[in-house]
Amino acid sequence: MASSPRQQYLRRIPAVSALLEAPAVRDLAGRLPRTVLAAAAAGVAETLRREILAAPDEAALAGIALDLDAVAGRVRRRALAQAEPRLRRVVNATGIIVHTNLGRSVLSPAAVDALVRVATAYTNLEFDLESGERGERHEHVADLLRRITGAEAALVVNNNAAAVLLVLSALARGREVVVSRGQLVEIGGAFRIPEVLAQSGATLVEVGTTNKTRLADYEAAVTERTALLLRVHTSNYRIVGFTETVSLPDLVALGEARGLPVVDDLGSGFFVDLAAGGVGDEPTVQQSVAAGAAVVTFSGDKLLGGPQAGIIVGRAELVDRIRRHPLARAVRVDKFTLAALEATLQLYLEAASALAEVPTLRLLTLTEAALAARARRLARRLRRVAADRVAVATEPGVSQVGGGALPTAELPTRLVSLRPRDMSVSRLAARLRAGPVPVLGRVHRDALLLDPRTLLPGDDARVAEALAWALGEGGRERVQ
Ligand SMILES: *Cc1c(COP(=O)(O)O)cnc(C)c1O
């Protein structure tokens, strides 16, 4: 009895054992574990089965390649793809400089060297070479932080969320913390000031309104239960229009009159005042310290441009209490963070070297002329690859700082726009993400926009390769 064509096709799918013996797959045997090869072969066989069952007609069935060599080629590609690291390099063409989903800051070469040095040898992480006794891991960066910020003492923990939690736990547990309603911010889904306060065991006392908080509101809220006044920098949004906030010096004056420390959560660690260069109004850490904030907290990997870290600077007696709190051990940093942070901070001893060598600051201060030149070069290169399949042009646009910093800063840039002629723009974007080095841009209406501001050295070539792949091999192969 003749079976249906579909069943005949199903029977022609090569067996896993045959696929493992095919040259294209056997060739990988020395490089990849047999379990990975077997799983790839079984996976491809299953995909073929589904493709056959889903084929609408005989023509579609005939288009499915089932000969051993073709299927073994698919197995080989799948096995190699599975052996790739999951955490991969991507090209950030979004123009968002501190992109939390893309790993925030890229480290300077000096920080990378420092990382390699401590990763491949024993270090004096907690060893005092002078006395020959146990040392303090924080001391390696504390000196630099004191010199750069003017604070008496410093401590580094895992990230700024941990820094805020630790500071509040150490200084305000069981007591009250006064915060303006205009500063009860959420930074990323899981970090909300009221919830962090609750976690720390402190009680939140809200004062003022969303748009207006006056000194008198704070004065009325202070009682003998108050532990501290907390100011939170509204890093990822601005309240504009009919507004009033209390300046840090005024808050500090009130704190001094009542014997209360002011804790300033700055979010982004900004050491170099860029307002002169026309970039935003972000307060610097030095300004907070000079204004008299008793404790200032900020991130290491936002505008500071270093590794993920939460940095706490402030009065010696308070930083000491924070350091001795049991939570400090739970959120401590490792040697990699300390090494990369020390090397990054060293660059800040001179503003010019920070601007030239800290990638985050370099991208932030790129000139429009430099961006326009890079956009023209990239467009020319992509036109050669795209031929007549994609219209490539340049157009004015704006980059973003990202990472919850300078939310209203408009950084003028020159974008490269890609308008595909034989596929949708979302399909082109998907293929560029699926290539050997994923390229991430911004889809706006009918165009995929690439911002040269966040392209790193060598990325132009990666984008060109990705486009060639997306229009060629990547277009033929199903995006898995
Ligand atoms: C970003 C930010 C945080 C959280 O910092 P992480 O380093 O991401 O943990 C806390 N407070 C403010 C004001 C921030 O901007």
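Computed quantities for the displayed model
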item: The range 109-350, dipole about Cα centre (Lys/Arg Cβ +1, Asp/Glu Cβ -1), debye to the nearest 20; result: 560
item: With 10 Å bins from 0: P(r) over the range 109-350, alpha-carbon pairs, percent; result: 7, 32, 36, 18, 6, 1, 0
item: Most positive-pole-ward Cα, Ser4, Ala40, Gly73, against dipole of the range 3-83 from beta carbon charges; result: Ala40
item: Percent carbon-and-sulfur accessible area, the range 136-189, ignoring ligands, DNA and RNA, probe 1.4 Å; result: 39
item: Crossing angle, helix 34-54 versus the chain [Cα axis fit, 0-90 degrees, rounded to tens]; result: 70
item: Normalised alpha carbon radius of gyration of the range 369-462 [divisor 2.2 N^0.38 Å]; result: 1.08
item: Cα-based helix-to-principal-axis angle, 68-83 vs the chain, degrees rounded to 10; result: 10
item: Exposed-site-free run, longest, the chain (rule: chymotrypsin sites (Phe, Trp or Tyr not before Pro); DSSP loop; at most 14 other C-beta within 10 Å); result: 243-480
item: Rounded percent of accessible protein surface that carbon and sulfur make up, the range 7-134, 1.4 Å probe; result: 55
item: Relative contact order [Cα under 8 Å, 6+ residues apart], the chain, whole percent; result: 18
item: Relative intensity, log₁₀ I(q)/I(0), of the range 3-83 from a Debye sum that treats every alpha carbon as a point, q = 0.23 Å⁻¹; result: -0.98
item: Reciprocal mean inverse distance between Cα atoms of the range 212-270 - Kirkwood radius, Å; result: 12.5
item: For the chain, with +1 on Lys and Arg beta carbons and -1 on Asp and Glu, the positive-most of Gly259, His138, Thr337 along the dipole; result: Thr337
item: The range 109-350 - percent relative contact order, Cα under 8 Å, separation 6 or more; result: 28
item: Size of charge dipole - the chain - debye, nearest 20, with Cβ of Lys, Arg +1 and Asp, Glu -1, no other charges; result: 2120
item: The chain - convex hull of alpha carbons, volume per residue in Å³; result: 203
item: Folded to 0 to 90 degrees: helix 335-347 orientation relative to the chain principal axis, Cα; result: 70
item: Accessible area of the range 3-83 divided out per residue, in Å², using a probe of 1.4 angstrom; result: 55
item: Debye, to nearest 20: dipole size of the range 3-83, +1 on Lys, Arg Cβ, -1 on Asp, Glu Cβ; result: 280
item: Projected-area average for the range 71-173 over all orientations - Cα convex hull basis, square nanometres; result: 12.7
item: Descending semi-axes in whole angstrom, ellipsoid equivalent of the range 152-239, from the Cα gyration tensor; result: 20, 17, 12
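The values are calculated or read from the model by the stated rules, or taken from the named source; none is laboratory data. Please read all numbers here as calculations on a predicted model, not as lab measurements. Note: ideal-geometry Cβ built from the backbone for every residue, glycine included; neighbour counts use all protein chains shown. Just the protein is used for accessible areas: all its heavy atoms, side chains included, with ligands, DNA and RNA removed. Shrake-Rupley method; radii C 1.70, N 1.55, O 1.52, S 1.80 Å.
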